[in-house]
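Novice: Take a look at this one; I'll ask things after.
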Amino acid sequence: MPRIVSLISSGTEIVHALGQFDNLVGRSHECDFPEAVADLPICTRPTIPVCGDSRQIDRLVKDRVRNALSVYEVFPDVLERLQPTHIVTQTQCEVCAVSLKDVEAALAAGLSCSPQVVPLTPNSLSDVWDDIRRVARALEIADRGEAAIDGLKARMCAISRRALADPHRPTVACIEWLEPLMAAGNWVPELVEMAGGVNLFGEAGKHSPYMTWEQLAEADPEVIAIMPCGWDQARTVPEMHWLTDRPEWGRLRAVRSGRVHLTDGNRYFNRPGPRLVESLEILADILHPL
């Protein structure tokens, strides 16, 4: 039987969707779904304090990257104790989650086991499907992977059909970081389109870009969806002053019409796994309320 360590939340959810949760023996510090994952040993930690505000965290991350230092640490001693046959990690973003480089640094310490490293590379929605295939093939359950993908696609198509039945296509700004201001990229623009909206910032398949207040004010979106990377709604609320204190904020159409929505970016929009289906459903409800 495989012994799987998942060092990224979306990877843990993929393992769960493939019916392999019982074979999961370790997790990252960020993995939180399904709830039973909390009982598994933690194999990682951030190397910066994560209690700071938007600006402080941004500066700390940039300082680490500028000095060629990792934002995360993987515990070789825990891996040695767990003796995994597979380690799921990612290569999409070195600052958002434990990366392949972090795993390689831990393995360089020398383990008595030789786990297969399965790196995920989710830059777009199609990449997410490929990642599910990659995990399934590594676990030698390729057919189960295809079945899981088919089921997720069918659910998303049903949500999209309902949303697209409304002919109105509201313009949307998806905000992925508050200070400095960043728009959501990668798979989020695809979700906006499937949910019957017009995405104004960020490109499908490309990393999340910085944006200026001048750009936001000029675009004047009908809807603003707040989805900070790694934060839930409770963590986001006290950070909203970075937006609401700006003189441009109150003049935005979405603000005046009450169409600013705080979402759980951590559990949904920033997590490229099976729960992107729920992310699409949330967006569809935001853009086309009953």
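Novice: Taking the Cβ-Cβ separation of Asp143 and Glu278 as r and a Förster radius of 22 Å, what is the calculated FRET efficiency to the nearest 0.05? Intermediate values should be presented prior to the final figure.
Specialist: Numbers: r = 25 Å, r/R0 = 1.13.
Efficiency computed from Cβ-Cβ geometry: 0.35.
Novice: How much length, in nm to one decimal, is gained on full extension between Trp213 and Gln83, taken as 0.36 nm per residue of separation minus their Cα-Cα distance? Mind dumping the intermediate values first?
Specialist: Details: separation 130, 0.36 × 130 = 46.80 nm, distance 4.95 nm.
Result: 41.9 nm gained on full extension.
Novice: What whole-number distance in Å separates the alpha-carbon centres of segment 127-160 and segment 259-290?
Specialist: Between the Cα centres of segment 127-160 and segment 259-290 lies a distance of 20 Å.
Novice: In terms of the Cα gyration tensor, with a ≥ b ≥ c the square roots of its eigenvalues, is segment 29-83 rounded because a/c is under 1.5, prolate because a/b exceeds b/c, or oblate?
Specialist: Numbers: a/c = 4.01, a/b = 1.60, b/c = 2.51.
Oblate, because a/c is 1.5 or more while a/b does not exceed b/c.
Novice: Let me check against my output: what whole-number percent is the relative contact order of the chain, with C-alpha pairs under 8 Å and at least 6 apart? Don't skip to the end; give the middle numbers.
Specialist: Values: 528 pairs, mean separation 46.3, N = 290.
Relative contact order, the chain: 16 percent.
Novice: What is the calculated FRET efficiency for Ala154 to Ala68, with r their C-beta to C-beta distance and R₀ = 30 Å, to the nearest 0.05?
Specialist: Computed FRET efficiency for Ala154 and Ala68 comes out at 0.10.
Novice: Among Pro41, Pro119, Pro167, which one shows the highest mean-square fluctuation when the chain is modelled as a Gaussian network with alpha-carbon springs under 10 Å?
Specialist: Pro167
Novice: Let me ask another. What residues of segment 165-182 lie in the reach of a label at Arg55, counting those whose backbone N is under 11 Å from a point 7 Å from the Cα along Cα→Cβ?
Specialist: 179-180
Novice: Given the C-alpha centroids of segment 207-255 and segment 71-109, what is the distance between them in whole angstrom?
Specialist: The distance from the Cα centre of segment 207-255 to that of segment 71-109 comes to 33 Å.
Novice: At a Förster distance of 41 Å, what's the computed FRET efficiency of Asp245 paired with Arg3, Cβ-Cβ distance as r, to 0.05? Kindly include the intermediate steps, with their values, before the conclusion.
Specialist: On the way: r = 50 Å, r/R0 = 1.21.
Once the sixth-power term is evaluated, E becomes 0.25.
Novice: Shifting gears a bit: Can you tell me how segment 19-141 classifies by the Cα gyration tensor, rounded, prolate or oblate, using a/c under 1.5 as the rounded cut?
Specialist: Details: a/c = 1.61, a/b = 1.36, b/c = 1.18.
Here segment 19-141 falls in the prolate category.
Novice: Further question on the same structure: Once neighbouring chains are kept in place and the probe is 1.4 Å, which whole percent of the accessible area of the chain is contributed by carbon and sulfur? Please list the in-between numbers first.
Specialist: Working: 6750 of 12960 Å².
Roughly 52 percent of what the probe reaches on the chain is carbon or sulfur.
Novice: Treat segment 71-203 as a sphere of radius equal to its Kirkwood radius over Cα pairs and apply Stokes-Einstein at 25 °C in a medium of 0.890 mPa s; give the translational diffusion coefficient in µm²/s, rounded to a whole number. Display every interim value, and only then the final one.
Specialist: Details: Rh = 17.4 Å.
Diffusion coefficient, whole number: 141 µm²/s.
Novice: Kindly identify the chain as rounded, prolate or oblate by the Cα gyration tensor criterion: order the square roots of the eigenvalues as a ≥ b ≥ c, call it rounded if a/c is under 1.5, otherwise compare a/b with b/c, prolate if a/b is larger, else oblate.
Specialist: On the way: a/c = 2.42, a/b = 1.43, b/c = 1.70.
Here the chain falls in the oblate category.
Novice: Return an integer: the convex hull volume of the alpha-carbon atoms of segment 178-275, in Å³ per residue.
Specialist: So the per-residue hull volume is 97 Å³.
Novice: Now for a different question. How much mean residue ellipticity at 222 nm does the chain get from its helices, if each DSSP H run of length 4 or more adds -39500 (n - 2.57) and you divide by all residues, to the nearest 500 deg cm²/dmol?
Specialist: On the way: 12 runs with 112 residues, N = 290.
Rounded to the nearest 500, the figure is -11000 deg cm²/dmol.
Novice: Based on alpha-carbon positions alone, could you give the equivalent ellipsoid semi-axes of segment 115-154 from the gyration tensor, as √(5λ), descending, whole Å? Please report the intermediate quantities before stating the final value.
Specialist: On the way: eigenvalues 58, 41, 4 Å².
Semi-axes from the Cα gyration tensor: 17, 14, 4 Å.
Novice: Taking 0.36 nm per residue of separation and subtracting the Cα-Cα distance, what length does fully extending Arg161 through Leu111 add? Let's see the in-between values first.
Specialist: Numbers: separation 50, 0.36 × 50 = 18.00 nm, distance 4.98 nm.
Residue separation times 0.36 nm, minus the Cα-Cα distance, leaves 13.0 nm.
Novice: Also, quick follow-up: Give me the extension gain from Lys206 to Asp130: residue separation times 0.36 nm, minus the current Cα-Cα distance, reported in nm with one decimal.
Specialist: Values: separation 76, 0.36 × 76 = 27.36 nm, distance 1.66 nm.
Contour length minus Cα-Cα distance gives 25.7 nm.
Novice: Continuing with the same structure: Please report the base-10 log of the normalised intensity I(q)/I(0) for segment 111-185, using a Debye sum with one equal scatterer per alpha carbon and no solvent, at each q in 0.14, 0.19, 0.20 (1/Å).
Specialist: -0.73, -0.96, -0.99
Novice: I'd like to check one number: the per residue accessible area of segment 165-290, probe 1.4 Å, reported in Å² as a whole number. Numbers along the way, then the final one.
Specialist: On the way: 5240 Å² over 126 residues.
Ligands and nucleic acids excluded, the result is 42 Å² per residue.
Novice: Based on the alpha-carbon set only, what is the convex hull volume of segment 144-188 divided per residue, in Å³?
Specialist: It comes to 97 Å³ per residue, whole-number rounded.
Novice: While we're on this one: Hey, how much of the P(r) for segment 1-40 falls beyond 17 Å, as a percent of Cα pairs?
Specialist: Working: 71 of 780 pairs.
That tail contains 9 percent of the Cα-Cα pairs.
The values are calculated or read from the model by the stated rules, or taken from the named source; none is laboratory data. Here the structure is a predicted model, which means the values were calculated and not measured. Cβ: placed from backbone, ideal geometry, glycine included. Neighbour counts: every protein chain shown. Only protein heavy atoms, including side chains, enter the accessible area calculation; ligands, DNA and RNA are left aside. Shrake-Rupley method; radii C 1.70, N 1.55, O 1.52, S 1.80 Å.
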